[in-house]
1. Given (1) of a type in the set (Val, Ile, Thr); (2) out of contact with any Phe, Trp or Tyr (no Cβ under 8 Å at 6 or more places or on another chain); (3) outside any helix (DSSP H, G or I), where does B:Val48 come up short, assuming only one miss?
2. It is to be established whether one or more residues within region B:25-34 are under 21 Å from B:Ile124 (Cα atoms) and at pLDDT 95 or above.
3. What's the number of the condition A:Ala29 fails, among (1) without any contact (Cβ under 8 Å) to a residue 40 or more places away in the chain; (2) open to solvent by less than 50 Å² (accessible area, probe 1.4 Å)?
4. Determine, yes or no, whether B:Phe68 is among the aromatic types (Phe, Trp, Tyr) and part of a strand (DSSP E or B).
5. Looking at region B:134-145, can you tell me whether even one residue there is over 21 Å from B:Gln2 (Cβ atoms) and in contact with a helix residue (DSSP H, G or I) (Cβ under 8 Å, 6 or more places away or on another chain)?
6. Specify the residue that is nearest to the other protein chains (Cβ to nearest Cβ); the eligible residues are those in region B:63-113 that are under 12 Å from B:Leu50 (Cβ atoms) and of a type in the set (Val, Ile, Thr).
7. In this structure, does B:Pro30 turn out to be touching a residue at least 12 places away in the same chain (Cβ under 8 Å) and either touching an Asp or Glu at 6+ places or on another chain (Cβ under 7 Å) or away from every other protein chain (no Cβ under 14 Å) (or both)?
Amino acid sequence: MSSTFDQIANIIAETCDIPRDTITPESHAIDDLGIDSLDFLDIAFAIDKAFGIKMPLEKWTQEVNDGKATTEQYFVLKNLAARIDELVAAKNASPGA
Amino acid sequence: MQLDYFILIDRILDLNIEAKTIVVEAQVPPTHTIFEGHFPGFPIMPGVLLTEAMAQSCGWLLLGVMKFERMPFLAMIKEAKMRGFVSPGQLLTIEAKIEHEGSGFAVTSAKARVGKELKCSAEITFRLIPFPDPAFRVHMDAVANKIGFPLQAMPHD
């Protein structure tokens, strides 16, 4: 089974037509890969579907805008993968999951 | 349809909040200046307007599901397929459903038919944003009443 990072990288490569080998765990989705907000909607849809979660993009954006978090915490891909793993774990731990 | 006002949906036939589906009707006008140019001697509904009619159907569905707390704005259209011509005077029945509710966005799909014949379909993504102006919300309430938006799905504030 491929890692969370690999799954995200494959989704980004396919959705945004970015060569897969240029996407690394250290890549920043916005600053390095040039993904804009519209493409990120597409990516979020694919990630939500693939992992059965709902990425809280609005909450993350608000935290960044309020200075409570940096974009690196959510949009550097190794960090994004960690956030997704947390969301999946929370879903699996919730009653009825 | 009120093409001049870009209101393409005439009636909501069914809105199922639980199933997240909607069925609407859209009557293509028998005459309009659009048909003089599109096309001379062969008037048909432009594909962009059919796509807009599907988007408006999805939009009303999202408004119902979100209880008018946010306005859906068109963000992305995928797999828009014009499968057959739609002529002046024909009645479109459009079915739409929500495929995915994300954080601040939603993905929907729609199909438009004339009778039983499928004329077009698309997957349409919206950004969901708080109403930017109170007058806008008031306008949407008025249109909702006009097209028969189910009262039980309307907000009570």
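1. With respect to (1) of a type in the set (Val, Ile, Thr); (2) out of contact with any Phe, Trp or Tyr (no Cβ under 8 Å at 6 or more places or on another chain); (3) outside any helix (DSSP H, G or I), B:Val48 is out only on (3).
2. Checked region B:25-34: at least one residue is under 21 Å from B:Ile124 (Cα atoms) and at pLDDT 95 or above.
3. (1)
4. So B:Phe68 fails the test.
5. Taking every residue of region B:134-145 in turn, none turns out to be over 21 Å from B:Gln2 (Cβ atoms) and in contact with a helix residue (DSSP H, G or I) (Cβ under 8 Å, 6 or more places away or on another chain).
6. In this case the residue turns out to be B:Ile77.
7. yes
Each row is one residue, and each column tells you yes or no for (1) surrounded by 14 or more Cβ atoms within 10 Å (Cβ to Cβ); (2) of a type in the set (Lys, Arg); (3) more than 17 Å from B:Leu63 (Cβ to Cβ).
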position: B:Glu117; (1), (2), (3): no, no, yes
position: B:Asp133; (1), (2), (3): no, no, no
position: B:Phe136; (1), (2), (3): no, no, no
position: B:Ala142; (1), (2), (3): no, no, no
position: B:Ile147; (1), (2), (3): yes, no, no
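The values are calculated or read from the model by the stated rules, or taken from the named source; none is laboratory data. All of these numbers come straight from a predicted model, not from anything done at the bench. Note: ideal-geometry Cβ built from the backbone for every residue, glycine included; neighbour counts use all protein chains shown. Areas reflect the complete protein model, heavy atoms only, side chains present, ligands, DNA and RNA absent. Shrake-Rupley method; radii C 1.70, N 1.55, O 1.52, S 1.80 Å.
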